[in-house]
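A.B. asks: Questions regarding the structure given below will be posed in turn.
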Amino acid sequence: MRNKQVILRDTVSGFPKESDMQVTTGSTELKLPEGSSSGAVLVKNLYLSCDPYMRGRMTKRHPGDSYVNSFNPGSPLTGYGVAKVLESGDPKFKQGDFVWGITGWEEYSVITATEALFKIHNTDVPLSYYTGILGMPGITAYAGFYEVCSPKKGETVYVSAASGAVGQLVGQFAKLLGCYVVGSAGSKEKVDLLKNKFGFDEAFNYKEEPNLVAALQRYFPEGIDIYFENVGGKMLDAVLLNMRIHGRIAVCGMISQYNLEQPEGVHNLTSVISKQLRMEGFVAPSYYHLYEKFLEMVVPAINEGKITYVEDVVEGLESAPAALVGLFAGRNVGKQVVVVSRE
């Protein structure tokens, strides 16, 4: 079977480039391991998710350094995606099922780690949503906001990288709860999206703010109760000075640091003591046990128009390297999705 793949050429240092990846087409024999109960599935990949955490997987890391392994140079990238089952050796899945989870950046994949796959039951929404709002970014936003931050009605919430796959949802969850919400992003288009599409109370372009501390004081004169952290670096430093007593910071990501050879230090950590802050990092897989509860909340909200979602879609595996690299230059508007096949 001919199988187009996106291969990582070598480990990456600094900003990733399209040339760090190669799109190849070869003939491979794709079949399940021997035995009808092998536990593996053969899938046709439909949609692939471009996510910032994938940058770390391009770097050689020691076991235990991260919750997810590095990519193997010379092999296809792997990441979250939506696929259709062609053949199954796992009783949980049958031919024709749609699934989301970890798959290869290729047209067809044999997935042996089926414990990381979720069967898709609701197909009344676009299947691509399972790379985003109904997939890993969705449960990330849900767990980070509701479980880590313990929000209350009327609190003040700040979301950085707010127009991305996770940030756009956190802001909308906070508004549904009755919070005051401000987001930051890197262009006028994204700022307009936050205010006019996602319903943020305020939004600003961080690139136009010479003093981030002053900018946050302007939008939060009485301080920030909850900060959903996606950026790190200078933004985190500015936020720490603007937090309220007993504030909470959910550390989801630090995209400003991923491509630096020497990460920036954080200078205002004494605020954690003086303001009695709680700052907690988290990863989505630790909260997958809440996935059904999450769906019960978010699917009706989508159907009722209470939550909206924006995707940035590119067509074809050959477009995938540029789409992934574009995340780190802020080129995407909304959730970055690669269409491999529309069936």
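Any read-out appearing in this document is the output of simple, stated calculations on the displayed coordinates, not a laboratory observation. Just so we're clear, the structure is a prediction, and the values are computed from it rather than from any experiment. A quick note on method: Cβ atoms are made from the backbone with ideal geometry, for glycine too, and the neighbour counts reach across all protein chains shown.
A.B. asks: Can you give me the Rg/Rh ratio for the stretch 84-136, using Cα atoms for both radii and the Kirkwood formula for Rh?
C.D. replies: So for the stretch 84-136, dividing Rg by the Kirkwood Rh gives 0.93.
A.B. asks: So what's the chain giving for Rg/Rh, alpha carbon basis, Kirkwood Rh from the mean inverse pair distance?
C.D. replies: 0.98
A.B. asks: So which residue, out of Gly81, Gly26, Gly178, gets the largest mean-square fluctuation from a GNM of the chain using Cα contacts under 10 Å as springs?
C.D. replies: Evaluated over the chain, the most mobile residue of the options is Gly26.
A.B. asks: Then there's this: May I ask for the net charge around Leu177, where only other residues with Cβ less than 15 Å from the Cβ of Leu177 are counted and Lys, Arg are +1 while Asp, Glu are -1?
C.D. replies: With Lys, Arg at +1 and Asp, Glu at -1, the neighbours total +1.
A.B. asks: Further, regarding this structure: By how many degrees, 0 to 90 and rounded to 10, does the Cα axis of helix 291-303 deviate from the longest principal axis of the chain?
C.D. replies: Between helix and principal axis, roughly 80 degrees.
A.B. asks: When the Kirkwood hydrodynamic radius is evaluated over all pairs of different C-alpha atoms of the stretch 264-343, what value in angstrom, to one decimal, is obtained? Could the numbers behind the result be given before it?
C.D. replies: On the way: mean 1/r = 0.0593 Å⁻¹.
With all distinct Cα pairs of the stretch 264-343 included, I get 16.9 Å.
A.B. asks: List the extent of the Cα atoms of the stretch 100-218 along each of their three principal axes, largest first, rounded to whole Å.
C.D. replies: 52, 30, 25
A.B. asks: Something else about it: Considering only the other residues whose Cβ falls under 12 Å of the Cβ of Val314, what net charge follows from Lys and Arg at +1 and Asp and Glu at -1?
C.D. replies: -2
A.B. asks: Determine the percent antiparallel among the DSSP beta bridges restricted to the chain, to the nearest 5.
C.D. replies: 55
A.B. asks: Okay, moving on. Amide H of Gly247: which non-local residues (sequence gap of 5 or more, or other chain) have their own amide H closer than 5 Å, using H built in the peptide plane?
C.D. replies: Sorted by chain and number, the residues that satisfy this are Arg278.
A.B. asks: Same structure, new question: If you scale each eigenvalue of the Cα gyration tensor by 5 and take the root, what three semi-axes come out for the stretch 114-166, rounded to whole angstrom and sorted largest first?
C.D. replies: 26, 13, 11
A.B. asks: Here is a follow-up. Specify the residue with the greatest mean-square fluctuation among Thr25, Thr156, Thr308, computed from a Gaussian network of the chain linking alpha-carbon atoms under 10 Å apart.
C.D. replies: Among Thr25, Thr156, Thr308, the largest mean-square fluctuation in the Gaussian network model of the chain belongs to Thr25.
A.B. asks: Shifting gears a bit: Where does the stretch 157-205 land on Rg/Rh, using Cα atoms and the Kirkwood Rh?
C.D. replies: 0.91
A.B. asks: For labels at Ser150 and Glu280 in the simple 7 Å Cα→Cβ model, what's the distance in nm?
C.D. replies: 0.8
A.B. asks: List the residues whose amide H sits under 5 Å from the amide H of Lys335, counting only those 5 or more places along or on another chain, with H placed 1.01 Å from N in the peptide plane.
C.D. replies: Close amide H contacts, sequence-distant or interchain: Val310, Glu311, Asp312.
A.B. asks: Obtain the nm distance between the two label points defined at Arg2 and Glu202 by a simple spin-label model: each point lies 7 Å from its Cα along the Cα-to-C-beta direction.
C.D. replies: According to this spin-label approximation, the distance is 5.6 nm.
A.B. asks: Using only Cα positions of the stretch 40-90, each an equal point scatterer, no hydration layer, compute I(q)/I(0) via Debye at q = 0.14, 0.16, 0.20, 0.26 Å⁻¹ and quote the log10 values to two decimals.
C.D. replies: For the stretch 40-90 at q = 0.14, 0.16, 0.20, 0.26 Å⁻¹, log10 I(q)/I(0) is -0.48, -0.61, -0.82, -1.00.
A.B. asks: While we're looking at this one, here's another question. Quick one: which residues, 5 or more positions from Cys149 or on another chain, have an amide H under 5 Å from its amide H? H modelled 1.01 Å from N in the peptide plane, none for Pro or chain starts.
C.D. replies: Answer set, sorted by chain and number: none.
A.B. asks: With equal scatterers on the alpha carbons only and no solvent term, can you work out the Debye log10 of I(q)/I(0) for the stretch 1-118 at 0.12, 0.14, 0.20, 0.23 1/Å?
C.D. replies: Log10 I(q)/I(0), no solvent term: -0.46, -0.62, -1.13, -1.32.
A.B. asks: Now a separate question. Highest mean first, what order results for 212-224, 246-258, 82-94 on Cβ atoms within 10 Å?
C.D. replies: 246-258, 82-94, 212-224
A.B. asks: While we're here: For helix 167-177, what angle does its Cα long axis make with the longest principal axis of the chain, in degrees from 0 to 90 and rounded to 10?
C.D. replies: Once rounded, one gets 60 degrees.
A.B. asks: Are there GluC sites (Glu not before Pro) in the stretch 276-308 that DSSP marks as loop and that have at most 12 other Cβ atoms within 10 Å, and which are they? Each step should come with its number before you reach the end.
C.D. replies: On the way: sites: Glu280, Glu292, Glu296, Glu304; in loops: Glu304.
Answer by residue number: Glu304.
A.B. asks: Past 18 Å, Cα to Cα: identify those pairs from Lys197/Lys234; Lys44/Lys94; Lys4/Lys84; Lys153/Lys175; Lys31/Lys94, in the order given. Walk me through the numbers on the way to the answer.
C.D. replies: Details: Lys197/Lys234 27 Å; Lys44/Lys94 13 Å; Lys4/Lys84 16 Å; Lys153/Lys175 9 Å; Lys31/Lys94 15 Å.
Exceeds cut-off: Lys197/Lys234.
A.B. asks: Can you run phi through the Karplus equation (6.51, -1.76, 1.60; θ = phi - 60°) for the stretch 263-275 and list ³J(HN,Hα) in whole Hz, with x for Gly and Pro?
C.D. replies: Here the 3J(HN,Hα) series is x, 6, x, 10, 9, 10, 5, 5, 4, 4, 7, 5, 9 Hz.
A.B. asks: On a C-alpha basis, how far is the centre of the stretch 100-161 from the centre of the stretch 1-37 in Å? Whole number, if you could?
C.D. replies: Between the Cα centres of the stretch 100-161 and the stretch 1-37 lies a distance of 24 Å.
A.B. asks: Quick one: Kirkwood hydrodynamic radius for the stretch 32-177, alpha-carbon pairs, angstrom, one decimal? Before the final figure, lay out each step's value.
C.D. replies: Details: mean 1/r = 0.0591 Å⁻¹.
Computed over Cα pairs of the stretch 32-177, the Kirkwood hydrodynamic radius comes out at 16.9 Å.
A.B. asks: At q = 0.16 Å⁻¹, what log₁₀ I(q)/I(0) does a Debye calculation on the Cα points of the stretch 177-299 give, no solvent, two decimals?
C.D. replies: -0.92
A.B. asks: Going by average Cβ neighbours within 10 Å, how do the peptides 284-290, 260-266 rank, with the highest at the top? Write out the running numbers ahead of the final one.
C.D. replies: Working: 284-290: 15.3, 260-266: 10.6.
Answer by packing, highest mean first, reads 284-290, 260-266.
A.B. asks: Along Cα→Cβ, 7 Å out, is where each label goes; now give me the distance between the ones at Phe328 and Thr112 in nm to one decimal.
C.D. replies: 3.0
A.B. asks: Which one, Ala238, Ala165, Ala301, has the greatest fluctuation when you compute a Gaussian network model over the chain with C-alpha springs under 10 angstrom?
C.D. replies: Result for the chain, Cα springs under 10 Å: Ala301 fluctuates most.
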